[in-house]
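Read-outs throughout are calculated quantities, based only on the coordinates presented, and are distinct from any laboratory measurement. On a predicted model such as this, the values are computed, not experimentally measured, just so you know. Neighbour counts run over all protein chains shown; Cβ positions are idealised from the backbone, glycine included.
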Amino acid sequence: MLFLDNTPPFLFFTGKGGVGKTSIACASAVRLARSGQRVLLVSTDPASNVGQVFGQSIGNTICPIAAVAGLSALEIDPQAAAQAYRDRIVGPVRGVLPEAVVKGIEEQLSGACTTEIAAFDEFTALLTDARLIAAYDHIVFDTAPTGHTIRLLQLPGAWSGFLDANPDGASCLGPLSGLEKQRTQYHAAVAALSDPDKTRLVLVARAQASTLREVARTHEELAAIGLKRQFLVINGMFPADEAGEDALAQAIVRRETAALAAMPQALAGLSQDRLELKPFNLVGLAALEALLLEAPAATAVAEAAALPAGISSLAQLVDGIAATGHGLVMVMGKGGVGKTTIAAAVAVELAHRGLPVHLTTSDPAAHLGETLSGSVAELTVSRIDPAAETARYRREVLQSKGKDLDEAGRALLEEDLRSPCTEEIAVFQAFSRVIREAGQRFVVMDTAPTGHTLLLLDATGAYHREMVRQMGDKGLHFTTPMMQLQDPARTKVLIATLAETTPVLEAAALQADLERAGITPWAWVINQSIAAAGSTAPLLAKRAQNEAREIDAVLTRHATRVALLPLLAQEPVGADALAALAQAN
């Protein structure tokens, strides 16, 4: 494995949910320890399953892995870290400031931004603690800091009192307001991350066009802020010699080959390893050690997976959506789960029933035109340009909140508007303009704002509370976008996921974020299911059995309405293919 050659002290694995970064991080830590190195494995994943992988309890204190000499592990609990972080910030002002102000601070610190920064707060100590560094040859991190987090930490304005003067400003500076005491530690940590002799970043991806585009953006974003020593691991590639005569397996091989041939140029120059898809769950030491083996494990023939009762087709979900005659449908989920396809299929199914539909997206990598491949009666399509919307939002904020600031204050505001949250807020405001159409027709949104953005907007009053204040007694006669999103009669949120452990856990976390913002998802859509495809290839049949457990978990723990879409031999491109996908079950 090239990414393990001459391994530096710090090894980070990053990638979106479901690509296998936890498994590869654990397998790498085991291999390093087996070679006689002293290794500490650290997980900052909120849905960490490192303890499950090794079959022992780990928790938030360093503990040795019993089965592997020289290996210890630590699971940073982001939620606990976030709570401790909030307590550290809010504690000194409790009883000093008015209760309403304290409550506002707590709300502002309730989103994903705080959780992300609090986790960074925890593991920066691991990058800068001289005694800990001396005790281990390698520290392996599962879930690297994102460019989003590091850019936030690099904003010097985060150490200012900007929020005191701008209590209504939608800003990332709230979560950062408690970092001043550890500023030196953060600078040292960022310097260590940027040093190629100390740190190696491993980008984990699948051989899928959308995943490769996303990891290319991550590569460029992190390289731009100094993390230049990067390797690429393509995980879960289907072994061509296992396809046999199965049409689905053969199609997967063709798609993966095409995706790699069209790999973004930004990734082509990186050192690259490829790992084959395994039929087994990556739990236990034997499975971890097999993951990095060159030779594939033999696949035994598996019985067909039995799907649990209570599964719907997407068309059956649309029955419930169409009953209202108009409204907002938001398709939410992590990258790579097929939100664009699901949103397009919903829109086409509604249009085929003679209902007027507006389908819109803000995803810069989304290709709705290609997915639809032609026009559909009753269906209009648009795209929100994040760059243009962000530029417009910055101008509006500078003209309103910046007009009475002195030169230093205006410079600080301009700096804050360069933070990563600005684009999210700008796109949400663009969505808000589209939302108004839902009173006359259906509006289907692909790549909806995250729960983090919704919490940020609602907590700071960037729009919702400002409108309430402005309307005063007239408040009974207006509806803000946030109020519409919170009204199940007006908005139906569909959470998209895959029938794999990590995507399901991440979808559940998104649902919890939304519920904290007062938005209850209406249904889940499980996309690209092997279990629903009925493949006879042994490798796929075995993986289908694993999927069945995840599908059952969604039905029993997370959702009462669930649609299951099969993995198809051909990509669902064009109105006819999308309509067929909606009917499939």
Worksheet item: Going down the table (Lys401/Lys492; Lys228/Lys334; Lys339/Lys403), which pairs top 29 Å between alpha carbons?
Response: Lys401/Lys492; Lys339/Lys403
Worksheet item: Under 5 Å between amide H atoms, partner at least 5 residues away or on a different chain: which partners does Leu498 have, H built in plane at 1.01 Å?
Response: Val504, Asn527
Worksheet entry | Calculated FRET value between Arg131 and Asp487, using beta carbons and R₀ = 45 Å, to 0.05 | 0.25
Worksheet, complete the sentence: Non-local residues with an amide H under 5 Å from the amide H of Ser312, with H modelled 1.01 Å from N and Pro and chain starts lacking one, are Val562, Ala563, Leu564
Item to complete: For the range 308-365 and the range 234-260, compute the distance between their C-alpha centroids and round to whole Å.
Response: 29 Å
Practice prompt. Any chance you could run the full-extension gain for Ala258 through Glu245? It's 0.36 nm times the residue separation minus the Cα-Cα distance, nm to one decimal.
Written response: 2.7 nm
Worksheet item: Efficiency by 1/(1 + (r/R0)^6): what FRET value for Ala224 and Asp319, r their Cβ-Cβ distance, R0 = 45 Å, to the nearest 0.05?
Response: 0.45
Worksheet item: What net charge is computed for the residues neighbouring Thr199, neighbours being all others with C-beta under 13 Å from the C-beta of Thr199, Lys and Arg scored +1, Asp and Glu -1?
Response: +2
Fill in: Sequence of Ile384, Ile89, Ile225 once ranked by neighbouring C-beta atoms within 10 Å, starting from the fewest
Ile225, Ile89, Ile384
Discussion item. On the principal axes of its Cα set, how long, how wide and how thick is the range 1-103? Give whole Å, largest value first.
Written reply: 58, 27, 24
